[in-house]
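Q: Below is one structure. I have some questions about it.
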Amino acid sequence: MKRGSTLVIGGWIILAVAGMLRAQTTQPSPAREETPWQKTVHQFSDALGKGDKAVLQSLLGDKPVMHVFNATGNAGLDDLLALGKSAEQTIGYHAYQGAPQSMAADMAGDFKDNEKGIPDEVRRRMMPQEAGAKAKASATAVQWFEVNFDIKNSEWNTIPVGVVELWVNSSGTRSLAFVLVRGQQETDGSFRIVAVAWGNPLEKK
């Protein structure tokens, strides 16, 4: 075979391999199927961001308990809708069957991926780098649920919980808001949300 032909064939091989590599790197990985509880939290997050009262009502239990962090008295669906209306973006949402040991790491990933509209100072605070800080953040995340939903350590294996992270604008003041939810499994295997709490426990009082 002539050298010129060899170069041409070699060139085609390189192009073909490059095309295969591009195809491999650009093809999206298949989405992981959501569990029933993950789907419920996903739907709740979407409905909250859209202010869809009908969907929120369908996801909530008959008498959901709602409150704002560190506030006296209960809140209601209209208060929750007002929070959703103030949201400029939904940063992320996560669902857990049991104690949310990975919640701090999951949220750190959300803030790492969301660079637009959120100040760097806030993002850095939500992405602890030191091992000690990460462990403390994980323990704190579990405590949020225990305090707000009166969950005992021995009950964790039977309780589904979730979180939605929002960036809100309240009368020109922008801040984070965390919406915690507690679920309950129905006899048909579906889930309803029976308790909701929201606010920003990271804010300095």
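Q: Inside the range 110-121, can you point out the residues that are in a helix (DSSP H, G or I) and closer than 18 Å to residue 163 by Cα?
A: 110, 111, 112, 113
Q: Within the range 37-52, identify whether any single residue is farther than 30 Å from residue 115 by Cβ and at pLDDT 95 or above, and answer yes or no.
A: No, because not a single residue in the range 37-52 is farther than 30 Å from residue 115 by Cβ and at pLDDT 95 or above.
Q: Here is a follow-up. Tell me, please, whether a residue that is modelled with pLDDT under 95 and of a type in the set (D, E, K, R) can be found in the range 11-24.
A: yes
Q: Additional query: Only one of these is free of Cβ contacts under 8 Å to residues at least 40 places away in the same chain and under 16 Å from the mean Cα position of the chain (by Cα): 180, 166. Name it.
A: Within the list 180, 166, the selection yields 180.
Q: Among the residues of the range 94-109, is any exposed (fewer than 12 other Cβ atoms within 10 Å of the Cβ) and either outside the structural domain of residue 54 (by TED's automatic domain parsing) or not in a loop (DSSP other than H, G, I, E, B) (or both)?
A: no
Q: Listed residues 168, 179, 163; which is crowded, with 18+ Cβ neighbours inside 10 Å, touching a Pro at 6+ places or on another chain (Cβ under 8 Å) and of a type in the set (Val, Ile, Thr)?
A: Unique residue meeting the criteria: 163.
Q: Yes or no: the range 115-133 includes at least one residue that is at pLDDT 90 or above, out of contact with any helix residue (DSSP H, G or I) (no Cβ under 7 Å at 6 or more places or on another chain) and of a type in the set (Gly, Ala, Ser).
A: no
Q: Do we find a residue being assigned by TED's automatic domain parsing to the domain that holds residue 148, farther than 16 Å from residue 174 by Cα, not in a strand (DSSP E or B) and not aliphatic (A, V, I, L, M) anywhere in the range 82-90?
A: No; the residues of the range 82-90 include none that is assigned by TED's automatic domain parsing to the domain that holds residue 148, farther than 16 Å from residue 174 by Cα, not in a strand (DSSP E or B) and not aliphatic (A, V, I, L, M).
Q: For the range 110-148, which positions are free of Cβ contacts under 8 Å to residues at least 12 places away in the same chain and either outside the structural domain of residue 180 (by TED's automatic domain parsing) or among the polar types (S, T, N, Q) (or both)?
A: Correct list: 129, 143.
The values are calculated or read from the model by the stated rules, or taken from the named source; none is laboratory data. It should be emphasised that the depicted structure is a prediction, and the values quoted were computed from it without experimental measurement. In this analysis, Cβ positions are derived from the backbone assuming ideal geometry, glycine residues included, and neighbour counts consider all displayed protein chains.
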